[in-house]
1. With a 1.4 Å probe and every protein chain left in place, work out the accessible area per residue of the chain in Å², rounded to a whole number.
2. Counting other Cβ atoms within 10 Å of each Cβ, which GluC sites (Glu not before Pro) in the range 15-73 have at most 12 and sit in a DSSP loop?
3. With θ set to phi - 60°, apply the Karplus curve 6.51 cos²θ - 1.76 cosθ + 1.60 along the range 71-85 and write out the HN-Hα couplings as whole Hz, x wherever there is a Gly or Pro.
4. D for the range 1-78, whole µm²/s, Stokes-Einstein with Kirkwood Rh over alpha-carbon pairs at 20 °C and 1.002 mPa s: what number?
5. Hull surface divided by four, with the convex hull built on the Cα atoms of the range 39-110: how many nm²?
6. If amide H atoms are built 1.01 Å from N in the plane of the peptide, which residues on other chains or at least 5 residues away come under 5 Å of the amide H of Ile102?
7. Kindly state, as a whole number, the per residue volume in cubic angstrom of the convex hull around the alpha carbon atoms of the range 1-134.
8. One quarter of the convex hull surface, Cα atoms only: what value does that give for the range 42-83 in nm²?
Amino acid sequence: KTPLTSIRMYGAILKQGWASEEKKRSYYDFIYDESERLSRLINNVLQLARMNRNEQAPELSLCNVQALVKEIQSKITSQVESANFKLTIEVVEPADDATISIDSDWLMQIMINLVDNAVKFSANAERREVLLSVKQQDKKTVELTVSDFGLGIDKHHMKAIFKLFYRSENELTRDTVGTGIGLSLVHQMVTSMGGKIIVKNRAMNDSRSTGAAFTITFPVVIHS
């Protein structure tokens, strides 16, 4: 209900003429951002319902990693920037020339969910940045990792974070984060495409956590 409540509240303020000209722009932006968030939530719920009813399976096709990264960038740039975050993309050769078998529409929804998660978990971080790194391991697999620079995820939460309707607590605000749908859906979609997903905390040399990293792995398709 949160996005809809926010949209209605700021819409009512604008309708009643209670907002100054200076505030109107920020309220319009907030309504747009919340409508985008609501759209992502609805898409997740519909996708989860279809998968749980076995009504939809991935339509796998061979995709070049370099082309996929460009498409991912076009999908998530505005999402990241509207949250006042910086997007950094790192592709390590020869991953950009690799081919993987995936459903590209599913992968886009997965990446949107992971970016949304990264922004939520690092909303109060000093370094407001989302990092997408892509690399190839031993010519056998391609790894796509979405990282943030927040406090990371408590080990207790990490064990259950992909469970449906599990909601993690934000250590900074003590607020419950998310709906408990996005990451569960991501896990189901990745595994349905024959991939794997893991989460771990990034660490600096002094072992302090510097954010969470979600890594998706897909096998490389070897051309005959």
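The values are calculated or read from the model by the stated rules, or taken from the named source; none is laboratory data. Just so we're clear, the structure is a prediction, and the values are computed from it rather than from any experiment. Virtual Cβ from ideal backbone geometry, glycine too; neighbours counted across all protein chains shown. The protein model used for the area step is the full one, side chains on, heavy atoms only, and it has no ligands, DNA or RNA in it. Shrake-Rupley method; radii C 1.70, N 1.55, O 1.52, S 1.80 Å.
1. For the chain, the per-residue accessible area is 58 Å².
2. Glu55, Glu59
3. Going residue by residue, I get 5, 4, 4, 5, 7, 9, 4, 5, 4, 6, 5, 5, 8, 6, 10 Hz, with x marking Gly and Pro.
4. Here the translational diffusion coefficient equals 137 µm²/s.
5. For the Cα atoms of the range 39-110, the hull's average projected area reads 5.6 nm².
6. Counting only residues 5 or more places away or on other chains, the set is Ser61, Cys63.
7. So the per-residue hull volume is 128 Å³.
8. Computed as one quarter of the Cα hull surface, the answer is 4.2 nm².
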